[in-house]
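K.L.:
Before anything else, here's the structure in question.
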Amino acid sequence: MNNEIIKEIEAAELKAEVADFNVGDTVKVYNKIKEGNKERVQVYEGTVIKRQGGSNRETFTVRKLSNGVGVEKTWPLHSPNVEKIEVIRRGKARRSKLFYLRDRVGKAAKVKEVIK
């Protein structure tokens, strides 16, 4: 009985449309930022290195290089602060977590592109 109630609450929190992306893809995440009474959208572009969880608890981590320093950011997939996720290029990944990219720099840190 308790599980049914929890599932109903979680289902209400899900977004209607979620972008179709996988690990290895290069994405742009449009993130809403509130500063005082102003609200703006900040774009964060990088490679998806992991997706984990399920239902409304699902999260994804995006990694990018900023001034030669690797920066990773994790967002809840169904967060109201994530306005949209735009896929720039599809990547070919043979594993679900791309943590090996943390040790690589430059061209070695690239993921092969899937050509359809």
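Computed from the coordinates by the stated procedures, all read-outs in this text should not be read as laboratory data. Fair warning: this is a prediction, and the values are worked out from it, not measured in the lab. Every residue, glycine among them, receives a Cβ derived from its backbone with ideal geometry; neighbour counts consider all protein chains shown.
K.L.:
Looking only at region 1-43, count how many residues are surrounded by 13 or more Cβ atoms within 10 Å (Cβ to Cβ), assigned to a strand (DSSP E or B) and out of contact with any Lys or Arg (no Cβ under 6 Å at 6 or more places or on another chain).
P.N.:
5
K.L.:
Continuing with this model, one more query. When you scan region 74-83, how many residues do you find that are assigned to a strand (DSSP E or B) and either surrounded by 13 or more Cβ atoms within 10 Å (Cβ to Cβ) or touching a helix residue (DSSP H, G or I) at 6+ places or on another chain (Cβ under 8 Å) (or both)?
P.N.:
4
K.L.:
So which residues in region 54-73 are assigned to a strand (DSSP E or B) and either touching a His at 6+ places or on another chain (Cβ under 7 Å) or among the aromatic types (Phe, Trp, Tyr) (or both), if there are any at all? Give the steps one after another, and end with the answer.
P.N.:
Within region 54-73, the first condition is being assigned to a strand (DSSP E or B), and the residues that meet it are 59-66, 69-73.
Result: Phe60, single match.
K.L.:
With the requirement that a residue be among the small types (Gly, Ala, Ser) and surrounded by 13 or more Cβ atoms within 10 Å (Cβ to Cβ), what does region 58-73 give you?
P.N.:
Gly70
K.L.:
Could you pull out the residue among Ser55, Ser96 that is touching a residue at least 24 places away in the same chain (Cβ under 8 Å), in contact with a helix residue (DSSP H, G or I) (Cβ under 8 Å, 6 or more places away or on another chain) and surrounded by fewer than 14 Cβ atoms within 10 Å (Cβ to Cβ)? Talk me through it step by step, then tell me what you get.
P.N.:
Numbers: Ser96 fails: in contact with a helix residue (DSSP H, G or I) (Cβ under 8 Å, 6 or more places away or on another chain).
Answer to the selection: Ser55.
K.L.:
Answer yes or no: is there a residue in region 55-74 that is touching a Ser or Thr at 6+ places or on another chain (Cβ under 8 Å) and either over 30 Å from Val105 (Cα atoms) or of a type in the set (A, V, I, L, M) (or both). Steps first, answer last, please.
P.N.:
Quick first cut of region 55-74, residues touching a Ser or Thr at 6+ places or on another chain (Cβ under 8 Å) only: 59-64, 72-74.
If we keep only those that are either over 30 Å from Val105 (Cα atoms) or of a type in the set (A, V, I, L, M) (or both) too, we end up with 62.
Yes; the residues of region 55-74 include at least one that is touching a Ser or Thr at 6+ places or on another chain (Cβ under 8 Å) and either over 30 Å from Val105 (Cα atoms) or of a type in the set (A, V, I, L, M) (or both).
K.L.:
Please identify the pairs in which a residue from region 29-49 that is more than 15 Å from Thr74 (Cβ to Cβ) has its Cβ atom under 6 Å from the Cβ atom of a residue that is outside any strand (DSSP E or B), counting only partners at least 6 apart or on another chain.
P.N.:
Lys32/Asn81
K.L.:
Looking at region 84-116, which of its residues are touching an Asp or Glu at 6+ places or on another chain (Cβ under 6 Å), of a type in the set (D, E, K, R) and not in a loop (DSSP other than H, G, I, E, B)?
P.N.:
Listed by number, the list holds a single entry, Arg89.
K.L.:
Sort out which residues of region 34-83 are hydroxyl-bearing (Ser, Thr, Tyr) and in contact with an Asp or Glu (Cβ under 9 Å, 6 or more places away or on another chain), and write them in order of number.
P.N.:
Across region 34-83, the qualifying residues are Thr47, Ser55, Thr61.
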